[in-house]
Every structure is written in C-alpha cells, then in structure tokens.
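The values are calculated or read from the model by the stated rules, or taken from the named source; none is laboratory data. Because the structure is a prediction, the values reported are computed rather than measured. Note that we place each Cβ from the backbone using ideal geometry, even for glycine, and neighbour counts take in every protein chain shown.
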C-alpha cells in the first residue's frame, strides 16, 4: 500500500461553522498534510524547492463531508494522507481522510501539477514531468503513471445545463491582498472557499424571499466542494466571483466562476458547491 502519514490536530472554534467542519480550514489543513507527507516520506517542501528546484501547483480540489462532526464532539482530528503520481508523471494526487470522534468526517483531495522552479526568488516555474531522481525515492505503488485523474466539475456543469433549473445569480468583487497570498505573492488556493462562500451567502440573502430554495445556501451543510483552477491571481489583483444557483434533482447546487473583472475577462477557476 502507498505510504500514509497520520497526524493529530487539536481543534479550536475556527475549524468549524455551526453546521460542519469549515471548508476553507479543511482545504488549508489538507494542504498542510502535503507538507507533512513530504517531510515524513520523501523530501521536505523547502528542500524540494530550494535543492531540487521542483514544486507543485494546485489544479483542483474536492472535499466530501462523510458524517456530521461539530466542535463539541471531541477535541482532536486525525488526518491520514497518501500521495500518488499519475498521468505519466505530470500529475500528483494527495488524498486525506479526516477522522473525528464520530468516525470519518470528511475526505479532502488535492490535484497537483509538478513544476520546475526556474527562478528561486520569485518561485517562477513551468510545468514538468516528475524527474527520475525524485521518482526513484517513491514506492512502486505510489506511481500510478497510467491513471488520469477524473474531472468532476465539467460533469456537474453539464448535468446542470441539461436538467437543472437556475434560481439565482450574484457577482462579488474582491482583491488579492497579502493575507490571501502564499509565499510567492499569488493567491492561496484555499482562500477560494471563503470567497465563493461569501458570494453564495450574499446571493441567498438577496434572493431567498423570491426563491425559498436558496435557504439551503445558508442553513444546510455542504455535501461536496469541487474546484478546478486554470490560472492564478497575484498580489493586489482584483477579481470577481460570478455565482449561479441551481436546483438539480431537488438539491441545491451553486456554481462559482472566478474571473478577471474586465469585459471578456479571463476565467481563473470554477468551484461547485453541492448541498
């Protein structure tokens, strides 16, 4: 079996909403699980970048809430992560199981693209294939080179266009200040969960009187959060979240497009929340 790394996290109130484990915090903790796995089983994240000139960028994430878990259920979470290299060495998949006092509460997946760091100070990088010198440090069952990761977001959007009913829309502006950035002065991917959550809540507050189904956007736990990212935002760059709410098979689905706020602006990513 692929090597797993397990660690315990003592929780505080910021790890939860009144409804469940907080999406943004799950993604941030899941990303920290990558650093933990690298240090325990491969090469520490700082050494991977500085000594091997190799890193990863986030292409997508998925969070699935498996069972209810709230703050007063227990004082700790146990996170167990595995890492696999896929698609001929051009993708990596980190999977993390989050277990609380009531059992497995969530699963977090992060899809990564290997990159070669070509400039260390600004961490400029270009996509690459996992080099043999690093692949040789992995176990055979951590190399799934013939596997191509499944893309969830396009499938959900296609189902909505075919069978869903749109019941609301909203746009929210934001700026990527440094508190939303990581070390390379570009946005930290886990901030997306907070940005789209704010847009969804604003849409629900504006439209719930006319569309009662939007109430679920405020008072129902998330079941899944799926995201694909296509290009980063950088420090001080403005952005827009364009949100649309749908009903599909009696359940609320909210799609968020992350855009540059100019006519015909580039799409930076898409996030889908399912309730």
query = Restricting attention to the range 89-99, and to residues there that are farther than 17 Å from residue 151 by Cα and surrounded by fewer than 22 Cβ atoms within 10 Å (Cβ to Cβ), which single residue is farthest from the chain's Cα centre (by Cα)?
reply = 89
inquiry  = Here is a check on your reading of the model: is residue 275 loosely packed, with under 14 Cβ neighbours inside 10 Å and in contact with a strand residue (DSSP E or B) (Cβ under 8 Å, 6 or more places away or on another chain)?
reply    = no
message = Please go through the range 18-42 and give me each residue that is farther than 13 Å from residue 105 by Cβ and outside any helix (DSSP H, G or I), ordered by number.
response = 18, 42
request  = Taking the options 61, 78, name whichever one is surrounded by fewer than 19 Cβ atoms within 10 Å (Cβ to Cβ) and at pLDDT 95 or above.
outcome  = 78
ask   = Picking from 219, 207, which residue would you name as being over 25 Å from residue 14 (Cα atoms) and over 21 Å from the mean Cα position of the chain (by Cα)?
value = 207
remark   = the range 151-267: strands (runs of 3 or more DSSP E) wholly inside it with 3 or more residues that are loosely packed, with under 14 Cβ neighbours inside 10 Å, touching a strand residue (DSSP E or B) at 6+ places or on another chain (Cβ under 8 Å) and at pLDDT 95 or above are 165-175
task = Name the single residue, out of those in the range 139-150 being at pLDDT 95 or above and not in a helix (DSSP H, G or I), that is surrounded by the fewest Cβ atoms within 10 Å (Cβ to Cβ).
result = 146
query = Say we look at the range 110-126 and pick out the residues that are touching a strand residue (DSSP E or B) at 6+ places or on another chain (Cβ under 6 Å) and without any contact (Cβ under 8 Å) to a residue 40 or more places away in the chain; which of these is surrounded by the fewest Cβ atoms within 10 Å (Cβ to Cβ)?
reply = 126
